[in-house]
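Colleague: One structure coming up, written as structure tokens, with questions to follow.
The values are calculated or read from the model by the stated rules, or taken from the named source; none is laboratory data. Keep in mind that this is a model prediction, so the values were computed, not measured. Glycine gets a Cβ as well: all are built from the backbone with ideal geometry, and neighbour counts include every protein chain shown. Keep in mind that these areas ignore ligands, DNA and RNA; they rest on the heavy atoms of the full protein, side chains included. Shrake-Rupley method; radii C 1.70, N 1.55, O 1.52, S 1.80 Å.
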2 protein chains.
Amino acid sequence: MRPVALENLMCRLAPQFGERLIDLREAPEQQRRVNQDASHAPPGDGAALVLPKSTAEVSAVAAAAQEFGVPMVPRGAGTGKAGACIPATGNLVVDLGGMRQLLSLRPADQFAVVQPGLITEQLDLAAGAAGLMYPPDPASWSTCSLGGNIATNAGGPRAVKYGVTARYVWGLEVVLAGGEVVRMGRQCLKGVAGLAMAPLWVGSEGTLGLITEATLHLVPAPRGVQTAWLSFASPAAASAAGSRIFAGGIMPRMLELLDDPALTAVRPAVGWPMPTSAAALLVETDAHDMEAARRQMERLCELAAPDGAQLASDGATAEAMRQTRRLVSSSLKALYPQKVSDDIAVPRSRMPDLLEQAQACSRAAGIGASAYGHMGDGNLHVNFLCRTVEERQRTVEVRQALYRWAVAQGGTVSGEHGLGLTKRAALDIEFRPESLRLQRRIKKLFDPHNLLNPGKSYAE
Amino acid sequence: MRPVALENLMCRLAPQFGERLIDLREAPEQQRRVNQDASHAPPGDGAALVLPKSTAEVSAVAAAAQEFGVPMVPRGAGTGKAGACIPATGNLVVDLGGMRQLLSLRPADQFAVVQPGLITEQLDLAAGAAGLMYPPDPASWSTCSLGGNIATNAGGPRAVKYGVTARYVWGLEVVLAGGEVVRMGRQCLKGVAGLAMAPLWVGSEGTLGLITEATLHLVPAPRGVQTAWLSFASPAAASAAGSRIFAGGIMPRMLELLDDPALTAVRPAVGWPMPTSAAALLVETDAHDMEAARRQMERLCELAAPDGAQLASDGATAEAMRQTRRLVSSSLKALYPQKVSDDIAVPRSRMPDLLEQAQACSRAAGIGASAYGHMGDGNLHVNFLCRTVEERQRTVEVRQALYRWAVAQGGTVSGEHGLGLTKRAALDIEFRPESLRLQRRIKKLFDPHNLLNPGKSYAE
């Protein structure tokens, strides 16, 4: 028996949405799909699913949901790593994946206007055809959507040089709880009039409202890119090489660490002759022309002094190297189905200490660990390689200790994934009470009845 | 006779601040100084001035001000162009210029921690000594302070490649109305936990609280920089050249337009053999090494096809060229003491139209105009060259029309200066009512008794 509020909401929306309004009890496939994401969080328990096609429809949904007091969870492509889009019992899932148009692309003005469901890679491809690039490149970029990228402030390997999603959001159209449509920001490079509200939404994990449109900044695509795979005897040696690269004034556009467990896990899946080593750095340089990118790469390799360096001789090899990095998470997951992936970030000089801390935590819990990822950002995916739920339980305490250590360094419990459901236990580690209180007051201002993704991230 | 509230506040603060608490009626020099900024706004009427030396002191001031209900105006170096720091009658001016320490600089971690009163150029020089750069470079950079830069989200010529202040603010310590101290953000490259509150403060023009500390991102200083002065027959020809440069995939680090009135005004002050032309572009390229910067500049010049190009052969000439650009505003002001300077920004492809609109407005008002500045950002300083207050009055209507046109293009009434006092008449042009309402509700959340810079920018 469904609660009356939900029943009333369904009745109200049914005439407008028809088959795009789904009772999840009657649609097991959709039920499975929308009750999960790419995290290890247990499946949710959403009651209904609606698939709007326009801002006006999203607004109608939000108005009705507020009228009947039914909480909503906005959903993109479901590739999140923290459970932020997993519905609680009785929630209405608002799937924005059907709103996936590239509304406009203006090369001379360096921006695109997109709907939230557009796949990230699709925007980058369209930009590329115009000589431009959309830099944020999360590992899931061929399946994740821009609305989700904005809601989680997604990063990716190129962030070391180009920054994360926040840098590229010029403007947003959002639907507030209650259905009001508000536009924030603008469609030009600079603007300082009034309060900058759009940045507040970037990384807000669906807690403030529903993003229905975004104006995103594009940058000129560098014409020269060089990719190389550098082998090292240990993650510590790779980390020291990273420090020398930055100290030498080189700003790579990618500096990704793969440690032994990561390399071992991914090896069967790679489509190129990947060298054998205990650690590797995947590095890229880019510049206005190929010659400049080449010179940067030469200098980078001199500074890094790896045990071995393999330059990608063509685009296919470069892409195979990048794909190797992207496959690490799923390859580890196949071997360790209950693995836990953190995304600690610290000031870059603390990287050797982070590697040591991860090993110490691994020993303390008696569970293997892998630390790989965005070394250039000071942001590593520390994975505890659990095969069972029991093993995962054993990591809870050491992970909390790791979070406390990272925050004490000036770092964060989450460099990329967000808090969602899975990292809410770290709330009091990351934030002092007065900061958390302010965040919750801002949430209340936008969503006074707590109908937008309640209980996620910082929200009560 | 002073109001009782102010009298009580002064009594409360006197023991703690001694000579650093000043009754402005008794200190004519300080009174003159803190009642103005670099805008054409009429002088303010502040009642008292306090010069805190620490966060704790700022907090004590904010607590007492709230207790007695006295409004405060935070003040940096007073170089603002919109009157945002000009006190209203009876306000307490909180001058943060005495808090000007560089608290730490961590090259390997690419950040610095600063107090708000530190001069912008001082940070860039300290960063430079460590092989790094602090990119934001407003024309006033040798006299403006970082707290003010943050409060106004300052830009500058390098913004075309490096973006404005917002991109460089990793974390803030702020004092709220009532005295609570809150820290926002972090000290590492990435972090997505919770709501991003710090960006809300960037550009908030002192309406949300007092910034007492900032963690600012530094980037590797490019080792190759090339500077050149390109001459054109008209601003329209320079604008067309700018479009060709970007379409050709070149990302200059500076692309500044000077038109005929700007060139004429600045000519007597320049320290290098500046060519005679009706328009000029000051351009810079930068790269990891000099050779790459040179190749970019060659390509830029090919694409721009100017009537004449003068490359800066040494650092002194390059600096003289940059200084020429920085002197435009003050040189025009010397000739036209009542000049009004706008800072319209539009999508870059609308640049030719902006130049035309400025001319049309100039004709309609019967007042000469100069349009110069950040052509690469789509952000021009449209100046109406008024000698008298009466002339300035004649520009009011055409400027409103110009604002409406810019906003209709997706642009803004203020690309750099902010709304402050002088551009509040454009509030309803820039914002729809629902956006303005939200901004004011956010202000109310941070400052429920409206004690922080009331009546400025978007605030009631």
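Colleague: Straight distance only, please: which lysines reach the Cα of B:K190 with their own Cα at less than 22 Å, same-chain residues fewer than 8 apart left out?
Modeller: A:K81, A:K161, A:K423, A:K456, B:K161
Colleague: Give the long-range amide H neighbours of A:V93: residues separated by 5 or more places, or on another chain, with amide H under 5 Å away, using H modelled in the peptide plane at 1.01 Å from N.
Modeller: Under 5 Å from the amide H of A:V93: A:A47, A:A48, A:L49, A:V50, A:V73.
Colleague: Considering only protein heavy atoms and a probe of 1.4 Å, how much of the accessible area of chain B is carbon and sulfur, as a whole percent?
Modeller: 53
Colleague: Kindly compute the accessible surface that chains B and A hide from a 1.4 Å probe when together, both sides summed, and give it to the nearest 100 Å².
Modeller: 6400
Colleague: Could you give the accessible area per residue of the protein assembly as shown, probe 1.4 Å, as a whole number in Å²? Write out the running numbers ahead of the final one.
Modeller: On the way: 31680 Å² over 920 residues.
Computed with neighbouring chains in place, this is 34 Å² per residue.
Colleague: Over the Cα atoms, compute the radius of gyration (one decimal) and Dmax (the largest Cα-Cα distance, rounded to a whole number) for the protein assembly as shown, in Å.
Modeller: Rg then Dmax for the protein assembly as shown, in Å: 27.6, 85.
Colleague: Restricting to the stretch B:26-133, what percent of DSSP beta bridges are antiparallel, rounded to 5?
Modeller: 35
Colleague: Please give the calculated 222 nm ellipticity per residue for chain A, where each DSSP H segment of at least 4 residues contributes -39500 (n - 2.57) and the sum is spread over every residue; nearest 500 deg cm²/dmol?
Modeller: Values: 16 runs with 168 residues, N = 460.
Taking each H run of at least 4 residues, the total per residue is -11000 deg cm²/dmol.
Colleague: Okay, moving on. Would you mind computing, in nm to one decimal, how far apart the modelled labels at A:A14 and A:A27 are, each placed 7 Å from Cα along Cα→Cβ?
Modeller: Label at A:A14, label at A:A27, 1.5 nm between them.
Colleague: Rounded to whole Å, give me the distance from the Cα center of the stretch B:1-29 to that of the stretch B:49-98.
Modeller: First find each Cα centre; the distance between them is then 13 Å.
Colleague: If you don't mind, there's one more thing I want to ask. When the dipole is taken about the Cα centre of the stretch A:150-277, and only Lys, Arg (+1) and Asp, Glu (-1) are charged at their Cβ, what size is it in debye, to the nearest 20? Walk me through the numbers before you get to the answer.
Modeller: On the way: 10 positive and 7 negative charges, 113 e Å.
Roughly 540 debye, rounded to the nearest 20.
Colleague: Which residues of the stretch A:289-316 show a drop of at least 10 Å² in accessible area when all protein chains are present, compared with their chain alone (probe radius 1.4 Å, heavy atoms only, ligands and nucleic acids excluded)?
Modeller: Buried by 10 Å² or more upon assembly, which counts only protein chains, are A:D289, A:E291, A:A292, A:R295, A:Q296, A:R299.
Colleague: Also: Which value in Å is the Kirkwood Rh of the stretch A:12-95 over different Cα pairs? All intermediate terms of the calculation are to be shown ahead of the outcome.
Modeller: Working: mean 1/r = 0.0779 Å⁻¹.
One over the average 1/r among Cα pairs gives 12.8 Å for the stretch A:12-95.
Colleague: Another question, then. So which DSSP H runs in chain A come out at 15 Å plus along the axis (Cα) with average Kyte-Doolittle of at least -0.5? Spell out each step's value before the answer.
Modeller: Details: long enough: A:4-17 (19 Å, 0.70); A:55-68 (20 Å, 0.71); A:235-247 (18 Å, 0.77); A:290-304 (21 Å, -0.55); A:315-326 (16 Å, -1.25); A:351-365 (21 Å, -0.11); A:389-408 (29 Å, -0.62); A:433-446 (20 Å, -0.86).
In chain A, the long hydrophobic H runs are A:4-17, A:55-68, A:235-247, A:351-365.
Colleague: May I ask you to work out the translational diffusion coefficient for the stretch A:186-264 at 37 °C, viscosity 0.692 mPa s, via Stokes-Einstein with Rh from the Kirkwood sum over Cα pairs, reported in whole µm²/s?
Modeller: In µm²/s, the coefficient rounds to 188.
Colleague: Can you pull the mean other chain C-beta count within 10 Å for peptide A:177-190?
Modeller: Numbers: counts 0, 0, 0, 3, 2, 5, 4, 4, 2, 11, 7, 15, 16, 19.
That works out to 6 on average.
Colleague: Turning to a different aspect of this structure: Quote to one decimal, in nm, the extra length available between B:W272 and B:R441 on full extension: 0.36 nm per residue of separation minus the C-alpha distance between them. Walk me through the numbers before you get to the answer.
Modeller: Working: separation 169, 0.36 × 169 = 60.84 nm, distance 5.20 nm.
Extra length from B:W272 to B:R441 when fully extended: 55.6 nm.
Colleague: For the stretch B:317-364 and the stretch A:425-447, what is the separation of their C-alpha centers, rounded to whole Å?
Modeller: Cα centres, the stretch B:317-364 to the stretch A:425-447: 44 Å.
Colleague: Label position 7 Å from Cα toward Cβ: report the copy-to-copy distances for B:N8 in nm, one decimal, ordered from shortest.
Modeller: 4.8
Colleague: Would you calculate the convex hull of the Cα atoms in the stretch B:279-436 and tell me its volume per residue in Å³? Write down the numbers at each step before the final one.
Modeller: On the way: hull volume 23.0 nm³, N = 158.
Convex hull of Cα atoms, per residue: 145 Å³.
Colleague: I would also like to ask the following. Obtain the nm distance between the two label points defined at A:A305 and A:D353 by a simple spin-label model: each point lies 7 Å from its Cα along the Cα-to-C-beta direction.
Modeller: Each label point is offset 7 Å from its Cα along the Cβ direction, giving 2.5 nm.
Colleague: What is the Cα convex hull volume of the stretch B:150-297 when expressed per residue in Å³? Can you show the working numbers first?
Modeller: On the way: hull volume 25.2 nm³, N = 148.
Looking at the stretch B:150-297, the number lands at 170 Å³ per residue.
Colleague: Now for a separate question. Using alpha-carbon pairs under 8 Å, 6+ residues apart, how would you state the relative contact order of the stretch A:30-174 in percent? Show your work: numbers first, answer last.
Modeller: Working: 268 pairs, mean separation 28.9, N = 145.
Relative contact order comes out at 20 percent.
Colleague: Straight-line reach from A:K339: which aspartates and glutamates have Cα under 14 Å away, leaving out those fewer than 8 places along the same chain?
Modeller: A:E390, A:E391
Colleague: Over the Cα atoms of chain A, what radius of gyration and what Dmax do you get, in Å?
Modeller: Values for chain A (Cα only, Rg and Dmax): 22.3, 69 Å.
Colleague: Another one. If you put a point 7 Å past Cα along the Cβ direction, how far is that point for A:E302 from the same point in each other copy, in nm, smallest first?
Modeller: 2.7
Colleague: Find every distance from the label point of B:D45 to the corresponding label point in the other copies (7 Å from Cα along Cα→Cβ) and write them in nm, one decimal, shortest first.
Modeller: Nearest first, the other copies' label points are 6.4 nm away.
Colleague: Take the Cα coordinates of the stretch B:224-307, assign each an equal point scatterer, and use the Debye formula without solvent to give log10 I(q)/I(0) at q = 0.14, 0.20, 0.22, 0.27 Å⁻¹.
Modeller: Taking Cα atoms of the stretch B:224-307 as identical point scatterers yields -0.46, -0.86, -0.99, -1.27.
Colleague: Tell me, how many Å apart are the Cα centres for the stretch A:262-304 and for the stretch A:112-146?
Modeller: The two parts, judged by their Cα centres, are 24 Å apart.
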